[in-house]
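The structure appears right after this line, and notes come after that.
The values are calculated or read from the model by the stated rules, or taken from the named source; none is laboratory data. For clarity, every value in this text was computed on a predicted model and none was experimentally measured. With ideal geometry, Cβ positions are generated from the backbone for all residues, glycine too; neighbour counts draw on all protein chains shown. Please note that ligands, DNA and RNA were not included when accessible areas were found on the heavy atoms of the full protein model with its side chains. Shrake-Rupley method; radii C 1.70, N 1.55, O 1.52, S 1.80 Å.
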Amino acid sequence: MLYSLGSVNMNTRIQVRIPATSANMGPGFDCLGMALDIWNTLHLEPGGPGIEISGEGSDLLPNDSSNMVHDAVSRIYLELGRSVPSFRIVCHNEIPLARGLGSSSAALVGGLVAGNAACGNPLSQSELLDIAVDIEGHTDNVAPALMGGCQIAVLDNGRI
């Protein structure tokens, strides 16, 4: 399960750990997923701009504002009607890219949780899930990345 450490504003460093996920499991295709014990860690800190990436995908992922983590942090500020501050992101990735382990969901969820923490945690887990599904579209990956464990989630008439 992911968690945030430290202060809940952009005056100090925020750390978030996000698990890999396995989805499209057997008869639970597109609705059943589970968190795995492989983790990405990201730090959000005041200042910047800048993105530093180490570990899996460090030579492939963008280190500018087109990075998915950056987009997700910014999305929280925009959802709350706040101006997006200057921030720096440091990512250490253990989740392999393009191997069916939810690396993009981990990046997205990590950025959303870090952005929410930086804003004082005004959004609930359910609201974060709604935003993640709106962006990613795959409930089976984002739900366990956000909530941990084994999750069954479906999108029905726009509701999760």
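Given a 1.4 Å probe, how much area per residue of the chain is accessible, in Å²?
Working: 7630 Å² over 160 residues.
I get 48 Å² per residue for the chain.
Explain nothing, just the number: dipole magnitude of the chain about its Cα centre with +1 on each Lys and Arg Cβ and -1 on each Asp and Glu Cβ, in debye rounded to the nearest 20.
Working: 7 positive and 16 negative charges, 72 e Å.
Using Cβ point charges on Lys, Arg, Asp and Glu, the chain gives about 340 debye.
Separation between the Leu60 and Arg99 pseudo-spin-labels, each 7 Å from Cα along Cα→Cβ, expressed in nm?
Label-label distance for Leu60 and Arg99, simple model: 1.0 nm.
Report the calculated FRET efficiency for Leu80 and Leu155 (r = Cβ-Cβ distance, R0 = 30 Å), to the nearest 0.05.
0.80
For the chain, with all protein chains present and a 1.4 Å probe, just round the carbon and sulfur fraction of the accessible area to a whole percent.
Details: 3870 of 7630 Å².
Heavy-atom surface of the chain belonging to carbon and sulfur, 1.4 Å probe: 51 percent.
Got the relative contact order for the stretch 66-118 handy, in percent, Cα pairs under 8 Å and 6 or more residues apart? Before the final figure, lay out each step's value.
Values: 40 pairs, mean separation 30.9, N = 53.
Averaging sequence separation for qualifying contacts and normalising by length gives 58 percent for the stretch 66-118.
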